[in-house]
Amino acid sequence: MRTSGFFLFLYILLGFGCFAEDDPVPPYVSPQGVISRVIEMGPEYGTHHYYDLETDSVVAIVDRNSWDIALGSSNLNRSVYLNHSKLMKVCDLGPVDFESAELPANPDWKIDASSGAEDSTAVGTWGEGTAGELASKNHVYILDLGFSTSGQVLGKIKLQVLGFQNGAYQIRFSEYPTGPIQILNVPIDVEYSFVYVKLAGAGTVVNVAPKQGDWDLVFTQYTTMVPNPDNGIPEAYSVNGTLLNPYNVEAFRAFAQGFEEFSIDDLPQFDLSSRWDVIGYDWKRYDFNTASYLINADNLYVVKNRLGNYFKIRFTGFVN
C-alpha cells in the first residue's frame, strides 16, 4: 500500500511557486518573496486538490471516486469527459440498439487526451446541432470505469447521450452487460466549466471542481499516453501531476531558464498554451535504483492565471 504523496512547489507573483522536501532531507528554504507550498495527495493519491495562486490556498479537496463523467457546462462546450484519475476508457459501439448493445470481440478502447482538447475526447462528437440544442447521434458507449484507489476493478457502464436542450443534458445508462435502465436530466451552470455525474444507482449530479473563477491549478492523478520503456509504444498510464483550470488559465514551460533569474521581461520569448497538461507530470522521474522520485533541477513553468496575473512555478520534490 502506498503512503501519501506530496507535491512540493514554489511560486512568485510576476507573479510566481515551489514545494517542501521530505525528511531526512532538510526542508527547502524559500528565497525572500517566494512562496513554498506542500500539497498532500493523501493515501493512494485519492483526491483532487484545487489551488488558487492569488490567495495561496487550496479551495477544494475532492474524493476522486466521487464522479465518473463530466459534461461541458460553458456556453460552448458540450463534450463528455471521463474521470481522468481512474484510468477510464470508452468503446463507441455506434448507433445500435441500447438494450442489446454488446462489446465486440476486440473492443477499440479510447481515452481522453490529457490536453483537454474538445475534439480529442474518447466519447467524441455525440450530437448534432448548436450548443444551445443538440440532437443525439444515438451512439451507445461502453464505459470502463477503471480502478478505485485500492486497485479494485470498478466495472462497466452502458451510456447514451440523448440530447441537450433547455439548458440540460439527458443521458441514458445502465450497468453492463445488463441492469436497470436509468434516465437522468443534468442541468448545466455556466459559473462552472463542467457538471459532474456519478453513474451509480439512478445517477447523481455531484459537486467536484469549484466555480471556474475560483481556482487556477488542480493537483491530481490523471491518465495520459506514456511510451512503454520496453518498446517505445505509447500506452494509457496513470500519472501524478498538475493540470490547468480550462477557464482563462494558460501556461508555458521555460526549462532552460533559471528560476531566480526569470523575470517578466522574459515573457515575450514564450507562447502561452491552454493545454490542461502543459505543466503535467514530467517535471519528475522515477529512479528505480533509489526507489524514489528525482526532480528535474531546471524545471520552470509560468502560469497566467484566470485574473491575468503571471506566476512562475518550480517543483522541488515529490515524496512519500
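Mean sequence separation of contacting Cα pairs (under 8 Å, at least six apart), scaled by the length of the range 151-223, corresponds to a relative contact order of 19 percent.
Determine the shape class of the range 109-198: with a ≥ b ≥ c the square roots of the Cα gyration tensor eigenvalues, call it rounded for a/c under 1.5, and otherwise prolate if a/b is greater than b/c, oblate otherwise. The shape class here is prolate. Compare the Cα positions of LEU184, SER150, GLN212 along the charge dipole of the range 144-216 (+1 at Cβ of Lys, Arg; -1 at Cβ of Asp, Glu; about the Cα centre) and return the one farthest towards the positive end. Farthest towards the positive end: LEU184.
For Cα extents along the principal axes in Å, the value calculated from this model appears in [x] 59, 46, 44; [y] 72, 39, 39; [z] 62, 43, 32 under label [z]. Sorting the segments 305-313, 162-170 by their mean number of nearby beta carbons within 10 angstrom, highest to lowest, gives 305-313, 162-170. Counting only protein heavy atoms and a 1.4 Å probe, the range 150-250 has 47 square angstrom of accessible area per residue. By accessible area, using a 1.4 Å probe on protein heavy atoms only, the chain has 50% of its surface on carbon and sulfur. Computed about the Cα centre, the dipole magnitude for the range 208-282 is approximately 320 debye when only Lys and Arg (+1) and Asp and Glu (-1) carry charge, each at its Cβ. Listed by chain and number, the aspartates and glutamates whose alpha-carbon sits under 14 Å from that of LYS137, ignoring those within fewer than 8 places in the same chain, are ASP92, ASP97, GLU128.
Ordering TYR286, LEU267, SER74 by the projection of their Cα atoms onto the charge dipole of the chain, which places +1 on the Cβ of Lys and Arg and -1 on the Cβ of Asp and Glu, puts SER74 at the extreme positive end. Ordering of 192-201, 287-296, 270-279 by packing is 192-201, 270-279, 287-296, highest average first (other Cβ atoms within 10 Å, averaged per residue).
Sorting 76-86, 246-256 by average packing, meaning the other beta carbons within 10 Å per residue, from highest down gives 76-86, 246-256. Taking the Cα centre of the range 67-214 as origin and assigning +1 to Lys and Arg Cβ atoms and -1 to Asp and Glu Cβ atoms, the resulting dipole is close to 240 debye.
Bridgeable lysines around LYS89 (alpha carbons under 17 Å apart, same-chain partners fewer than 8 residues away excluded): LYS110, LYS156, LYS158, LYS198.
The values are calculated or read from the model by the stated rules, or taken from the named source; none is laboratory data. Keep in mind it's a predicted model, so treat the numbers as computed, not measured. Every residue, glycine as well, gets a Cβ built from its backbone with ideal geometry; the counts of neighbours run over all protein chains shown. Quick note on the areas: whole protein, heavy atoms, side chains included, nothing else; ligands and nucleic acids left out. Shrake-Rupley method; radii C 1.70, N 1.55, O 1.52, S 1.80 Å.
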